[in-house]
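What follows is a set of notes on a single structure, which appears directly below.
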2 protein chains.
Amino acid sequence: MSALDSLKADLSGLQIEDNPQIVKQKSRDFFWYSPVLKQQLDHVTGDLVVTPKSEAEVIRVLKSCYAHDVPVTVRGAGTGNYGQAMPLSGGVILNLAELNKVKEIRPGVVVAEAGAIISKIDEETRAHSGQELRLHPSTYRTATIGGFIAGGSGGIGSINWGGLRDLGNVIRLRVLTLEAEPRVLEMTGEDLHKVMHAYGTNGVITEVEMPLTAAYDWVDVVVGFDAFMDGVRFADAVGNQDGLLLKELAPISAPLPHDYFLRHQKYIRKDQSVVVCMVAPFAMDAFAAFVGRQPKASILYRSDTVDEDAKKGLPPVYELAWNHTTLRGLRVDPAITYLQVLYPFPNHVEKVRIMTDLLGDEVPAHLEFVRFDGKITCFGLPVVRYTTEERLNEIMRLHEENGCPIFNPHRYTLEEGGMKQTDDVQLAFKREADPKGLLNPGKMIAWEDPNYDYSSDKLFLFPGLKRA
Amino acid sequence: MSALDSLKADLSGLQIEDNPQIVKQKSRDFFWYSPVLKQQLDHVTGDLVVTPKSEAEVIRVLKSCYAHDVPVTVRGAGTGNYGQAMPLSGGVILNLAELNKVKEIRPGVVVAEAGAIISKIDEETRAHSGQELRLHPSTYRTATIGGFIAGGSGGIGSINWGGLRDLGNVIRLRVLTLEAEPRVLEMTGEDLHKVMHAYGTNGVITEVEMPLTAAYDWVDVVVGFDAFMDGVRFADAVGNQDGLLLKELAPISAPLPHDYFLRHQKYIRKDQSVVVCMVAPFAMDAFAAFVGRQPKASILYRSDTVDEDAKKGLPPVYELAWNHTTLRGLRVDPAITYLQVLYPFPNHVEKVRIMTDLLGDEVPAHLEFVRFDGKITCFGLPVVRYTTEERLNEIMRLHEENGCPIFNPHRYTLEEGGMKQTDDVQLAFKREADPKGLLNPGKMIAWEDPNYDYSSDKLFLFPGLKRA
Ligand SMILES: Cc1cc2nc3c(=O)[nH]c(=O)nc-3n(C[C@H](O)[C@H](O)[C@H](O)COP(=O)(O)OP(=O)(O)OC[C@H]3O[C@@H](n4cnc5c(N)ncnc54)[C@H](O)[C@@H]3O)c2cc1C
Ligand SMILES: Cc1cc2nc3c(=O)[nH]c(=O)nc-3n(C[C@H](O)[C@H](O)[C@H](O)COP(=O)(O)OP(=O)(O)OC[C@H]3O[C@@H](n4cnc5c(N)ncnc54)[C@H](O)[C@@H]3O)c2cc1C
């Protein structure tokens with residue numbers, strides 16, 4: 001009997017899918033944003049999808065995979081952009097979609113199962129006590145909380161709370177190891193970092209405890225500018241207004257807003273840059289007063305005064321932001337791709353100016369203002385009008401030469417996507433929690449090839465990647 | 001009939017007090033913190049106290065005072081530190097203590113009458129929907145919301161929300177003018193600044209609309225350090241942790257904590273400096289993890305683990321902070337006084353070091369970390385071991401020479417206490433709202449003496465100040 005057959009036998013009674021069509025579909029994420037990853041990973045597929053309904057069932061899966069040496073790749077909703085959830089060596093897709101209960105809500109805290117959809121959690125916490133999560137990706141309505149913690153970084157709300165990596169933005173994680181007898185670990189404080197943003201390479205998160213904040217009926221606002229840099233300066237100034245409560249603050253350069261935001265197009269001229277905002281309803285007076293001080297700013301759209309008919313059919317503005325900007329762009333022009341940049345404080349505005357001057361309409365800017373190490377600064381998710389991989393690398397090099405670090409979204413490994421450094425804490429924990437190296441193989445270079453030379457500037461090729 | 005007799009006749013049916021003893025008591029605030037103000041203002045008293053029960057009654061008082069040319073000084077709880085509420089030219093003390101209803105609570109918003117005690121507002125918003133005000137002075141349990149807006153600046157919560165001056169921290173004020181027919185004005189947005197922190201010189205606030213935030217059972221924490229500067233660096237680092245929700249963050253230099261915080265004394269060695277914190281309960285794990293990273297920090301006290309008996313009799317730590325530090329000091333050593341300093345970002349930590357090195361135990365440091373123009377920085381309310389007014393002025397000069405602006409708490413005028421500049425918006429509004437100049441006379445130099453020379457470095461002497 002093959003390992004997979006033995007596994008299936010072990011797991012009888014669980015929800016298992018092995019129709020290759022469906023398995024392949026559940027083996028993919030949004031890796032195709034990147035022309036580089038698209039080429040590398042398009043063929044990747046797992047062997048079967050298991051959808052446990054309880055933590056006990058997850059333990060059964062892990063135990064059996066350990067026994068039969070079958071790789072396990074955890075899947076939330078598969079909305080990651082770097083192939084994080086793609087099973088490079090095949091094996092089991094552990095689909096957590098049905099581990100989705102909200103278990104407890106109290107002041108400032110929610111406990112939920114890892115497969116819960118983020119917006120569903122907020123629906124419950126709002127109804128319960130007017131609370132919501134601090135941070136969510138723009139994939140609010142599709143992504144799972146566990147996938148966000150294991151594979152995401154920040155998003156809507158980061159203008160107030162920084163990123164997931166920041167101490168305090170996750171309270172507790174319940175984690176299973178992949179051992180002969182899977183252990184159940186409760187992680188808090190300093191330990192959390194072991195499994196956060198580790199792409200599920202060193203444990204399976206089954207339950208999360210997250211901080212909540214006050215929920216409001218956020219007002220969507222689009223502010224228009226003739227010159228992009230005026231929008232950037234405006235956003236920087238608004239972000240530094242301590243009494244103005246915003247949840248999102250993103251300058252986007254012309255012509256992207258007009259060309260990509262099709263349903264908002266009627267509000268935006270082609271040559272207009274915008275700043276996309278979410279503002280607390282009770283802050284709208286103050287926000288409007290602040291806009292009034294800026295002769296170059298005008299409010300193009302605000303959801304609290306537009307009539308209901310006009311509003312119908314418009315997406316919430318958080319679905320114009322973060323990687324939804326890119327998604328909307330890809331729908332209009334499949335030839336584009338994007339980058340992820342940090343413009344470090346305190347010279348972030350000037351650095352944006354330098355890079356936009358340098359690259360012009362080849363790399364139209366999209367910024368996300370956030371709190372980063374206590375300061376308001378900006379990330380960039382610029383659109384790249386893609387020509388060749390060489391030119392893409394050149395564009396990245398230009399950013400780094402100008403002091404703007406790149407988080408490369410065209411790489412599927414933890415190290416190459418981040419800062420090209422081994423995360424020793426995560427690696428050490430993988431040794432403990434996944435001694436056989438079966439969890440999401442190929443994503444942690446430090447595990448696969450401890451002597452890998454990051455300075456080579458080559459691309460890591462995971463030897464275990466099944467060939468097409 | 002004298003003006004006052006006519007006034008009394010007009011106001012028959014209202015609650016009026018003219019017992020000189022009681023009137024004098026209601027004519028004082030905490031001006032005596034300052035040895036300078038104590039000497040200047042000790043004799044000051046109004047002529048009668050009127051305590052209206054409704055806005056309509058306030059209007060009656062204003063109308064009659066206008067008719068009879070009687071000065072009106074609004075009084076909240078009289079907890080100001082600069083003689084703000086003291087009637088320099090006598091007249092009516094308009095006591096708003098009974099205008100104290102909470103009128104409306106909704107998500108993010110409370111509407112209250114101006115005389116409501118701040119902690120009473122929070123009691124109602126907490127019970128209603130788990131909300132609380134963003135900011136409060138350490139006089140939370142005694143001060144009125146109207147007095148805070150008209151005479152205060154910030155306090156507990158400023159580490160998140162900046163100060164009252166920041167756009168968005170007050171939503172709407174309802175203001176009465178002192179004219180033949182008092183007008184009722186609703187002010188929002190840009191207009192708010194006209195009457196905020198104007199000491200009631202240009203309008204009477206009868207109703208406020210304030211933003212709320214989520215209420216938590218804040219944990220009181222005292223962190224100890226052998227060296228004060230280690231505490232300062234710790235506070236600066238904690239303040240810049242975007243995911244750690246704190247409400248208060250105040251380093252206080254040895255020997256003040258041990259010498260002044262008598263009821264916490266058992267937790268603090270005489271040579272120990274402390275950082276006083278209020279931490280969200282669900283952030284305590286992360287906070288403790290962060291403290292664990294600092295070899296020089298140790299938690300001396302935390303209210304969430306101490307046993308109930310030990311906790312009994314301890315004041316909340318917000319009553320160790322802001323001007324309560326000074327108050328506790330004055331109780332132990334009536335010879336001290338204090339200053340108010342800004343250590344501007346980004347060199348605030350270094351500036352604190354320079355000033356503490358320079359002044360040593362003559363001016364033991366007490367800092368309050370706050371958000372200021374979007375950055376974490378610190379104010380200082382250092383204790384001054386007072387000798388002479390000349391030396392006090394010298395100490396202020398030393399601060400300013402070192403790039404640390406002083407907000408002089410030894411002056412009763414708006415201009416001298418702030419940045420020695422006429423506030424044109426407030427002055428213009430006084431012309432409209434108080435054409436006879438009857439509201440809190442003597443507090444706005446620009447009104448009393450438009451040609452006053454601020455550079456003279458002399459003290460403004462209000463000619464209308466009744467002699468003792
Ligand atoms: C249009 C678009 C917009 C986006 N915007 C944002 C954004 O604003 N911010 C942002 O951070 N990301 C963003 N992303 C990326 C992604 O949507 C988010 O990070 C999302 O939270 C991932 O959740 P998921 O449930 O889809 O995770 P998946 O894609 O299923 O998984 C992500 C990674 O986590 C692992 N994993 C999943 N669940 C678990 C678990 N329970 N235990 C252990 N490992 C697990 C997976 O193996 C995988 O490596 C965006 C993507 C798209 C396509
Ligand atoms: C121990 C101690 C600690 C303190 N801590 C802080 C602190 O942390 N932060 C801070 O900002 N301040 C602080 N203060 C100063 C003071 O307590 C606060 O500013 C407080 O909010 C003032 O409120 P009150 O009701 O006592 O005002 P009052 O002292 O009665 O009045 C203050 C000023 O406002 C005017 N005024 C009052 N009500 C109105 C109204 N309705 N309309 C128009 N004008 C009005 C008065 O005429 C006066 O000029 C402290 C003082 C003490 C003694």
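The values are calculated or read from the model by the stated rules, or taken from the named source; none is laboratory data. Keep in mind the model is a prediction, meaning the values are calculated, not measured. Using ideal geometry, Cβ is built from the backbone for each residue, glycine included, and neighbour counts are taken over all protein chains shown. The protein model used for the area step is the full one, side chains on, heavy atoms only, and it has no ligands, DNA or RNA in it. Shrake-Rupley method; radii C 1.70, N 1.55, O 1.52, S 1.80 Å.
Determine whether region A:243-258 contains at least one residue that is away from every other protein chain (no Cβ under 14 Å), more than 16 Å from ligand 2 (Cβ to nearest atom), farther than 29 Å from B:Arg134 by Cβ and part of a strand (DSSP E or B). Steps first, please.
Applying the first criterion (away from every other protein chain (no Cβ under 14 Å)) to region A:243-258 yields A:248, A:250-258.
Next, only the ones that are more than 16 Å from ligand 2 (Cβ to nearest atom) stay: A:248, A:250-258.
Of the ones still in play, those that are also farther than 29 Å from B:Arg134 by Cβ are A:252-258.
Still in the list and also part of a strand (DSSP E or B): A:252.
Looking through region A:243-258, at least one residue is away from every other protein chain (no Cβ under 14 Å), more than 16 Å from ligand 2 (Cβ to nearest atom), farther than 29 Å from B:Arg134 by Cβ and part of a strand (DSSP E or B).
Taking the stated definitions as given, is B:Arg60 among the charged types (D, E, K, R) and touching a residue at least 40 places away in the same chain (Cβ under 8 Å)? Full working, then the answer.
Working: among the charged types (D, E, K, R): yes; touching a residue at least 40 places away in the same chain (Cβ under 8 Å): yes.
Against the criterion (among the charged types (D, E, K, R) and touching a residue at least 40 places away in the same chain (Cβ under 8 Å)), B:Arg60 qualifies.
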For region B:345-355, check the following and say yes or no: at least one residue is part of a loop (DSSP other than H, G, I, E, B) and closer than 30 Å to B:Ala85 by Cα. no
Number of positions in region B:263-283 that are within 17 Å of B:Val317 (Cβ to Cβ), in contact with a strand residue (DSSP E or B) (Cβ under 6 Å, 6 or more places away or on another chain) and within 14 Å of chain A (Cβ to nearest Cβ): 4
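Are any of the residues in region B:284-297 away from every other protein chain (no Cβ under 14 Å), touching a helix residue (DSSP H, G or I) at 6+ places or on another chain (Cβ under 9 Å) and open to solvent by 10 Å² or more (accessible area, probe 1.4 Å)?
Of the residues in region B:284-297, the ones away from every other protein chain (no Cβ under 14 Å) are B:295-297.
Cutting the leftovers down to touching a helix residue (DSSP H, G or I) at 6+ places or on another chain (Cβ under 9 Å) gives us B:296-297.
Keeping just the survivors that are open to solvent by 10 Å² or more (accessible area, probe 1.4 Å) gives B:296-297.
Yes: region B:284-297 contains one or more residues that are away from every other protein chain (no Cβ under 14 Å), touching a helix residue (DSSP H, G or I) at 6+ places or on another chain (Cβ under 9 Å) and open to solvent by 10 Å² or more (accessible area, probe 1.4 Å).
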Scanning region A:193-209 for residues that are open to solvent by less than 10 Å² (accessible area, probe 1.4 Å) and either within 14 Å of chain B (Cβ to nearest Cβ) or of a type in the set (Ser, Thr, Tyr) (or both), which turns out farthest from ligand 2 (Cβ to nearest atom)? A:Thr201
I need the full set of residues from region B:411-426 which are in a helix (DSSP H, G or I), in contact with a helix residue (DSSP H, G or I) (Cβ under 6 Å, 6 or more places away or on another chain) and open to solvent by 20 Å² or more (accessible area, probe 1.4 Å), in order please. B:Val425
Starting from region B:358-371, take each residue that is within 14 Å of chain A (Cβ to nearest Cβ) and touching a residue at least 12 places away in the same chain (Cβ under 8 Å) and list its partners that are open to solvent by 20 Å² or more (accessible area, probe 1.4 Å) and among the charged types (D, E, K, R), counting only C-beta distances under 8 angstrom and pairs at least six apart or across chains. B:Phe369/B:Asp236
Step by step: first the residues of region B:298-318, then only those that are open to solvent by less than 20 Å² (accessible area, probe 1.4 Å) and not aliphatic (A, V, I, L, M), then the one that is farthest from B:Gly380 (Cα to Cα). Which residue is that? B:Ser303
Output yes when any residue across region B:107-114 is in contact with a Leu (Cβ under 6 Å, 6 or more places away or on another chain) and within 22 Å of B:Val72 (Cβ to Cβ), and no when none is. yes
What tally of residues in region B:169-191 results from selecting those that are more than 8 Å from every other protein chain (Cβ to nearest Cβ) and polar (S, T, N, Q)? 1
Count - residues of region A:427-456 that are outside any helix (DSSP H, G or I), touching a residue at least 40 places away in the same chain (Cβ under 8 Å) and surrounded by fewer than 16 Cβ atoms within 10 Å (Cβ to Cβ): 2
Of a type outside the set (Lys, Arg), within 14 Å of chain A (Cβ to nearest Cβ), open to solvent by 10 Å² or more (accessible area, probe 1.4 Å) and away from ligand 1 (no atom under 16 Å from the Cβ): is that true of B:Pro346 in this structure? yes
Quick check on region A:102-112. Is at least one of its residues free of Cβ contacts under 8 Å to residues at least 60 places away in the same chain, within 10 Å of ligand 1 (Cβ to nearest atom) and away from chain B (no Cβ under 14 Å)? no
Selection from region A:195-230 of residues that are more than 30 Å from A:Lys101 (Cβ to Cβ), small (Gly, Ala, Ser) and either near ligand 1 (Cβ under 10 Å from one of its atoms) or not in a strand (DSSP E or B) (or both): A:Ala227
Out of curiosity, is B:Tyr318 more than 14 Å from chain A (Cβ to nearest Cβ) and within 16 Å of ligand 2 (Cβ to nearest atom)? yes
Any residue that is within 14 Å of chain B (Cβ to nearest Cβ) and more than 14 Å from ligand 1 (Cβ to nearest atom) - is there at least one of those in region A:142-159? no
Could you please give the count of residues in region A:210-242 that are in contact with a helix residue (DSSP H, G or I) (Cβ under 9 Å, 6 or more places away or on another chain), among the aliphatic types (A, V, I, L, M), surrounded by fewer than 24 Cβ atoms within 10 Å (Cβ to Cβ) and within 14 Å of chain B (Cβ to nearest Cβ)? 3
